[in-house]
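Asker: Could you have a look at this structure, given as structure tokens, before my questions?
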Amino acid sequence: DTEVTQTPKHLVMGMTNKKSLKCEQHMGHRAMYWYKQKAKKPPELMFVYSYEKLSINESVPSRFSPECPNSSLLNLHLHALQPEDSALYLCASSLSQGADSPLHFGNGTRLTVT
Amino acid sequence: EDQVTQSPEALRLQEGESSSLNCSYTVSGLRGLFWYRQDPGKGPEFLFTLYSAGEEKEKERLKATLTKKESFLHITAPKPEDSATYLCAVRGYGGSQGNLIFGKGTKLSVKP
């Protein structure tokens with residue numbers, strides 16, 4: 001079990017659907033991250049939140065919309081996705097964005113877009 | 001540009017056969033080098049952080065070392081449960097905005 005919890009574990013959605021991925025941590029970390037990972041590839045950074053403010057958006061298409069309601073929660077809202085968006089979506093957290101502490105990852109949401 | 005290269009891409013070992021995984025990096029000032037283990041369908045699990053050349057960290061059968069250009073993950077007498085993909089990542093002071101730069105990983109298979 002990890003200390004970063006992601007729900008759901010699996011999600012299948014059509015290209016016209018709207019869905020949300022959720023992430024929660026209770027380690028007191030103030031930086032939270034969304035990564036996308038395709039098969040046999042390393043994780044790719046999508047978004048970084050630092051102290052609940054969006055710090056980095058790695059030129060991610062607007063069909064992905066992040067939200068950080070509070071310091072423990074991170075959401076990723078999905079709308080009008082494409083089949084190529086199918087991947088493992090990972091949430092991570094760290095003490096802060098500026099600290100040299102490691103990221104702790106959740107076990108991800110396996111997303112399939114049909 | 002910050003870069004991380006891991007070798008080999010895949011490694012097959014017999015149980016008990018010790019070996020090493022390599023992570024070569026180029027970074028504008030190293031803030032930290034991180035090793036992760038990833039099992040299929042799961043998120044990366046943090047193993048070690050190394051901050052300066054000469055530093056070593058150990059955990060069970062794993063030992064990580066760091067020089068100014070590379071890091072090694074030594075696996076002593078591996079067991080089948082050590083089979084996983086091992087990811088190396090660096091964080092630098094340069095253009096990556098302090099975010100992690102990952103290598104492509106080494107897939108380790110340990111046969112009984």
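The values are calculated or read from the model by the stated rules, or taken from the named source; none is laboratory data. Everything numeric in this text was worked out from a predicted model, so none of it was measured. In this analysis, Cβ positions are derived from the backbone assuming ideal geometry, glycine residues included, and neighbour counts consider all displayed protein chains. Ligands, DNA and RNA are excluded from the accessible area calculation, which covers all protein heavy atoms including side chains. Shrake-Rupley method; radii C 1.70, N 1.55, O 1.52, S 1.80 Å.
Asker: Hey, got the dipole for chain A? About the Cα centre, +1 on K and R Cβ, -1 on D and E Cβ, debye to the nearest 20?
Answerer: 360 debye
Asker: Quote to one decimal, in nm, the extra length available between B:Ser19 and B:Ser109 on full extension: 0.36 nm per residue of separation minus the C-alpha distance between them.
Answerer: So the extension gain works out to 31.2 nm.
Asker: Using the Cα centre of the protein assembly as shown as the reference point, and only Cβ charges (+1 on K/R, -1 on D/E), how large is the resulting charge dipole? Debye, rounded to the nearest 20.
Answerer: 400 debye
Asker: Mind checking which aspartates and glutamates have their C-alpha under 18 Å from B:Lys69, skipping anything on the same chain fewer than 8 residues away?
Answerer: B:Lys69 reaches B:Glu1, B:Asp2, B:Glu55, B:Glu56.
Asker: Could you compute how much accessible area chains B and A hide from each other, both sides summed, with a 1.4 Å probe? Nearest 100 Å² is fine.
Answerer: 1600 Å²
Asker: How many partner chain Cβ atoms sit within 10 Å of a residue's Cβ in peptide B:41-52, on average, as a whole number?
Answerer: Per-residue shielding by partner chains comes out at 5.
Asker: Another question, if that's okay. How many percent of the accessible area of chain B is carbon or sulfur, using a 1.4 Å probe?
Answerer: Looking at chain B in its full context, I get 47 percent from C and S.
Asker: Separate question: Between A:Glu58 and B:Ala77, what's the calculated FRET efficiency when r is the beta-carbon distance and R0 is 35 Å? Round to 0.05.
Answerer: Efficiency at R0 = 35 Å is approximately 0.30.
Asker: Could I ask something else about it? I want the local charge near B:Cys23. Using Cβ-Cβ distances under 11 Å, sum +1 for each Lys or Arg and -1 for each Asp or Glu among the other residues.
Answerer: Taking every other residue near B:Cys23 into account, the sum is +1.
Asker: Further, regarding this structure: Any chance you could count the Lys pairs in chain A whose alpha carbons are under 25 Å apart, treating pairs 8 or more apart or on different chains as valid?
Answerer: So the count of such lysine pairs works out to 20.
Asker: Further, regarding this structure: Under a Cβ-only charge scheme (Lys and Arg +1, Asp and Glu -1), can you give me the dipole magnitude of chain B about the Cα centre, in debye to the nearest 20?
Answerer: It works out to roughly 80 debye.
Asker: Kindly identify the range A:1-106 as rounded, prolate or oblate by the Cα gyration tensor criterion: order the square roots of the eigenvalues as a ≥ b ≥ c, call it rounded if a/c is under 1.5, otherwise compare a/b with b/c, prolate if a/b is larger, else oblate.
Answerer: It comes out prolate by the Cα gyration axes.
Asker: Can you find, among A:Ile56, A:His79, A:Gln6, the residue farthest towards the positive end of the dipole of the range A:1-87? Put +1 on the C-beta of Lys and Arg, -1 on that of Asp and Glu.
Answerer: A:His79
Asker: Shifting gears a bit: Between B:Arg12 and A:Thr5, what FRET efficiency follows from the Cβ-Cβ distance if R0 is 30 Å, with the result rounded to 0.05?
Answerer: 0.30
Asker: Pairs of Cα atoms under 8 Å, at least six residues apart: use those to get the relative contact order of the range A:1-98, whole percent.
Answerer: In percent, rounded to a whole number, it is 36.
Asker: Is the C-alpha gyration tensor of the range B:38-112 telling us rounded, prolate or oblate? Criteria: a/c under 1.5 is rounded; beyond that, a/b larger than b/c is prolate, otherwise oblate.
Answerer: Since a/c reaches 1.5 but b/c is at least a/b, the shape of the range B:38-112 is classed as oblate.
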